[in-house]
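Notes to accompany the following structure.
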Amino acid sequence: MSEQQPYEPRIVAFLCKWCSSAGSDLAGVSRIQYPANATPITIPCTGAVSPMYILSAFNKGADGVLVSGCHIGDCHYIEGNYLARRKMHLTMELLKFIGVEQNRFRMSWVSAAEGAKFAQVVTDFVNDLRPLGPQDKLKKAVRT
Amino acid sequence: MINLQDIRDTARDMLAKGEVRAVIGYRRGSRGMLAEPAFITDPAQADELVWDPTCFHNLSLYLVEDRKFLAHLRKTANAPIAIVAKGCDARSIVVLMQEHYFKREDVYIIGVSCEGSGVVDERKLAPRLNGIQATNAAFDGDDFVFTTAEGEKRIPACEVMADRCLECRNPFPKEHNLAFGEDKTGRKLAEPFAALTRFEAQGAGQRWDSWSRHFDRCIRCFACRSVCPMCYCDECVVDSITFPVTAETTADEKANRIKWIERSATRSENITYLMTRAMHLAGRCTDCGECERACPVNVPIRMLNNKMEREAREKFGFEPGASIGGPSLVATFLDTDPGDFIR
């Protein structure tokens, strides 16, 4: 049955509780139409995202991982997003280095007022992921 | 040129005076020419110490072991421990002190400069000796001299030296109590990150082709973790058996612990393990290259660490093991950090 269904990329979205999470809420209450491919996971701050979360998401079969947080200078914890910027840069470079497609990982700054931007980020991400097909490089092989 | 007798005399004097409780150095091993780590507590044993091209171990690992051992005994050290450290080893010690693993006064660093040379790579040496075992190796200017059953063989150091040593710019231990040998900081035997640059010039598809083969090969023996002085965590995220088990831990709890990574040596799990390790070592790895040497299946682990090191250097201006009071890579930031990848 599942073979007949068209491929829909699955995105794991780590959203900061103080901004992007509220931003995604705003996109919803504003009735903005955008693809339903992202599974949101609310986190306290992008600075709390360990590279392990991203590797683990890919390991468990995510086609793309999105990390979204507050704009630089707006972090609730003052400097969390600065630290995230550095960590995520290193993670992204490492993923690219071993040959994972660059478009599989994305980071964005979306404030609580930017519902439209959140919808745009997800739409763009899905459009970029679709031609790449399912992610099977880091995905755990399931024994049948 | 380092006079071996100087190292031995220093060790003997310090042990005799009781200034240090032990000296960690190298001595002749039981397998051919290879040196092995030595832990000397008796001044009479100081003459066992050696310094030759096979002294590749990063001995700062044993400072970590010592610290763990003392903690387990609930004892505090009564005297510092002396350690023979090359340039890369000394940087590892600096990183450990940066992370407050031990204090500066707990360790006495006997620095040895690799000068214009470095340690031998057995994998490069084997074909040069036509499979004959060498029984001794020695530095001699820009050459290594190997003693085999068929007499002495002189090989230019650059031809059989480990890649990490060829690329090393800081063969002199900057942090030291006492240093032997000439300070040749800034030497350039080969272009740094040469192998990495060559590898990166390939397309993503080719990179994945080679890495997937490397990841398939990994047997998860954790030799890279065991040999690394930076992998000192008591609980390792990749290995659930290192999580503490007390009398109160229920079977249910043990079975349902979070497993970030499965223990099976399959490709996906190996990737997650090796990538996690690279992330954990970002900004801490001092490129001693021991992980790659210890790897029984020749996974180029050093390349992952090199990638992180170069990224840190080029994008964040970060140098690992530069100073004890210096910042750590992922706990600091600059306003100028690249952010153009963020939408």
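Each value in this text was obtained by applying a stated rule to the coordinates, not by laboratory testing. Worth saying up front: this structure is predicted, and the values here are computed from it rather than measured. Here the Cβ positions follow ideal geometry from the backbone for every residue, glycine too, while neighbour counts run over all protein chains shown.
For chain B, modelled as a Gaussian network with Cα springs under 10 Å, which listed residue fluctuates most, B:Phe39, B:Phe318, B:Phe333?
With Cα springs under 10 Å in chain B, the top fluctuation among B:Phe39, B:Phe318, B:Phe333 is at B:Phe333.
If contacts are Cα pairs under 8 angstrom and at least 6 residues apart, what is the relative contact order of region B:193-320 in percent?
Worked out over region B:193-320, it gives 30 percent.
Using the basic label-point model (7 angstrom from Cα toward the beta carbon), what is the B:Glu235 to B:Lys75 distance in nanometres?
2.8 nm
Per residue, how much space in cubic angstrom lies within the convex hull of the C-alpha atoms of region B:34-176?
130 Å³
Just checking the output field for A:79-92: average partner chain Cβ neighbours within 10 Å of each residue's Cβ?
For peptide A:79-92, the averaged partner shielding equals 6.
Scanning chain A for trypsin sites (Lys or Arg not before Pro) in DSSP loops with at most 10 other Cβ atoms within 10 Å, what's the longest stretch left with none?
It works out to A:32-142.
Pull the list of chain B cysteines that no other Cys approaches to under 4.7 Å, Cβ to Cβ.
If one checks each Cβ against the other cysteines of chain B, B:Cys55, B:Cys114, B:Cys158, B:Cys165, B:Cys168, B:Cys218, B:Cys221, B:Cys233, B:Cys236, B:Cys285, B:Cys295 turn up with nothing under 4.7 Å.
Restricting to bridges with both residues inside the protein assembly as shown, how much of the DSSP beta-bridge set is antiparallel, in percent to the nearest 5?
Counting only bridges with both partners in the protein assembly as shown, antiparallel ones make up about 40 percent.
Which one, B:Ala201, B:Ala90, B:Ala312, has the greatest fluctuation when you compute a Gaussian network model over chain B with C-alpha springs under 10 angstrom?
B:Ala201
Does a label point 7 Å from the Cα of B:Lys68, set along Cα-to-beta-carbon, have any residues of region B:237-273 with amide nitrogen under 16 Å, and which are they?
Only B:237-245 fall inside the zone, counting backbone N under 16 Å.
Can you give the FRET efficiency for B:Asp216 and A:Leu132, using 1/(1 + (r/R0)^6), R0 = 22 Å, r = Cβ-Cβ distance, to the nearest 0.05?
Efficiency, from the Cβ-Cβ distance: 0.50.
Is region B:1-41 best put as rounded, prolate or oblate by its Cα gyration tensor, with a ≥ b ≥ c the root eigenvalues, rounded for a/c under 1.5, and otherwise prolate when a/b is larger than b/c, oblate when not?
Since a/c reaches 1.5 but b/c is at least a/b, the shape of region B:1-41 is classed as oblate.
Roughly how compact is the protein assembly as shown, stated as its Cα Rg over 2.2 N^0.38 Å to two decimals?
Details: Rg = 25.4 Å, N = 487, 2.2 N^0.38 = 23.1 Å.
For the protein assembly as shown, the normalised Cα radius of gyration comes out at 1.10.
Please pull out the direction-averaged projected area of chain B, using the convex hull of its alpha-carbon atoms, in nm² to one decimal place. The partial results should precede the final answer.
Numbers: hull surface 83.2 nm².
So the Cα hull casts an average projection of 20.8 nm².
Taking a point 7 angstrom from the Cα of A:Ala141 along the C-beta vector, which residues in region A:42-56 have backbone N less than 15 Å away?
Within reach of a label on A:Ala141: no residues.
Take peptide B:277-283, look around each residue's Cβ out to 10 angstrom, count Cβ atoms belonging to other protein chains, and average those counts.
On the way: counts 0, 6, 9, 2, 0, 7, 2.
That average works out to 4.
Which shape class applies to region B:41-84: rounded if a/c is under 1.5, otherwise prolate when a/b exceeds b/c and oblate if not, where a ≥ b ≥ c are the square roots of the Cα gyration tensor eigenvalues?
Working: a/c = 3.33, a/b = 1.59, b/c = 2.09.
The shape class here is oblate.
Do any of A:Lys139/B:Lys307; A:Lys140/B:Lys307; B:Lys75/B:Lys307; A:Lys87/B:Lys86; A:Lys140/B:Lys188; B:Lys124/B:Lys259 go past 32 Å between their Cα atoms, and which?
From the list (A:Lys139/B:Lys307; A:Lys140/B:Lys307; B:Lys75/B:Lys307; A:Lys87/B:Lys86; A:Lys140/B:Lys188; B:Lys124/B:Lys259), the Cα-Cα distance tops 32 Å for B:Lys75/B:Lys307; A:Lys140/B:Lys188; B:Lys124/B:Lys259.
Go through the cysteines of chain A and tell me which have no other cysteine Cβ under 4.7 Å away.
That list is A:Cys16, A:Cys45, A:Cys75.
For the pair B:Asp142 and B:Ala194, how long in nm is the line joining their label points, each one 7 Å along Cα→Cβ?
According to this spin-label approximation, the distance is 1.4 nm.
I want the local charge near B:Met14. Using Cβ-Cβ distances under 13 Å, sum +1 for each Lys or Arg and -1 for each Asp or Glu among the other residues.
-1
Nearest 0.05, what FRET efficiency do B:Ala44 and B:Thr135 give at R0 = 25 Å with Cβ-Cβ as r?
Efficiency computed from Cβ-Cβ geometry: 0.50.
Quick check on the exposure proxy: order A:Glu79, A:Glu114 from fewest to most C-beta atoms within 10 angstrom.
A:Glu79, A:Glu114
How would you rank B:243-253, B:68-78, highest first, on the average number of other Cβ atoms within 10 Å across their residues?
Details: B:243-253: 8.4, B:68-78: 10.3.
Per-residue mean Cβ counts within 10 Å order the peptides as B:68-78, B:243-253.
Starting from the Cα gyration tensor of region B:193-320, take the square roots of the eigenvalues, sort them a ≥ b ≥ c, and report rounded, prolate or oblate (rounded when a/c is under 1.5, otherwise prolate if a/b is larger than b/c, else oblate).
prolate
How well do other chains shield peptide B:319-331, expressed as the mean number of their Cβ atoms within 10 Å of each residue Cβ?
1
What residues qualify as long-range amide H neighbours of B:Phe180, i.e. H under 5 Å apart, gap of 5 or more or another chain, H built at 1.01 Å from N?
The list, which skips near neighbours in sequence, is B:Gly111, B:Val112, B:Ser113.
Grab every C-alpha pair in chain A, bin the distances at 10 angstrom width from 0 up to the longest one, and report whole percents.
12, 42, 34, 11, 1
Cα atoms only, region B:161-252: Rg and Dmax in Å?
20.4, 59
Build a GNM of chain A with springs between Cα atoms under 10 Å: which of A:Ile11, A:Ile32, A:Ile43 gets the top mean-square fluctuation?
Highest fluctuation among the options: A:Ile32.
Given the Cα-Cα distance of B:Glu152 and B:Ser30 and 0.36 nm per residue of separation, how much length would full extension add, in nm?
41.9 nm
Residues of region A:100-137 with the amide nitrogen closer than 15 Å to a label point 7 Å from the Cα of A:Val29, along Cα-to-Cβ, please.
Those under the cut-off are A:112-116.
Looking at region B:63-132, which GluC sites (Glu not before Pro) are in a loop (DSSP not H, G, I, E or B) and have at most 10 other Cβ atoms within 10 Å?
On the way: sites: B:Glu65, B:Glu99, B:Glu105, B:Glu115, B:Glu122; in loops: B:Glu99, B:Glu115.
When the GluC sites (Glu not before Pro) of region B:63-132 are filtered for loop state and at most 10 Cβ neighbours within 10 Å, nothing remains.
Which whole-Hz couplings ³J(HN,Hα) result when phi for each residue of region B:145-160 is put into the Karplus expression 6.51 cos²θ - 1.76 cosθ + 1.60, θ = phi - 60°, listed in order with x for Gly and Pro?
Per residue, the Karplus-derived 3J(HN,Hα) values read 10, 10, 9, 10, 5, 9, x, 7, 10, 9, 10, x, 3, 4, 7, 10 Hz.
From the residues B:Met308, B:Phe102, B:Asn3, which one has its Cα farthest along the dipole of chain B in the positive direction, the dipole being from +1 and -1 charges on Cβ of Lys/Arg and Asp/Glu about the Cα centre?
Of the options given, the answer is B:Met308.
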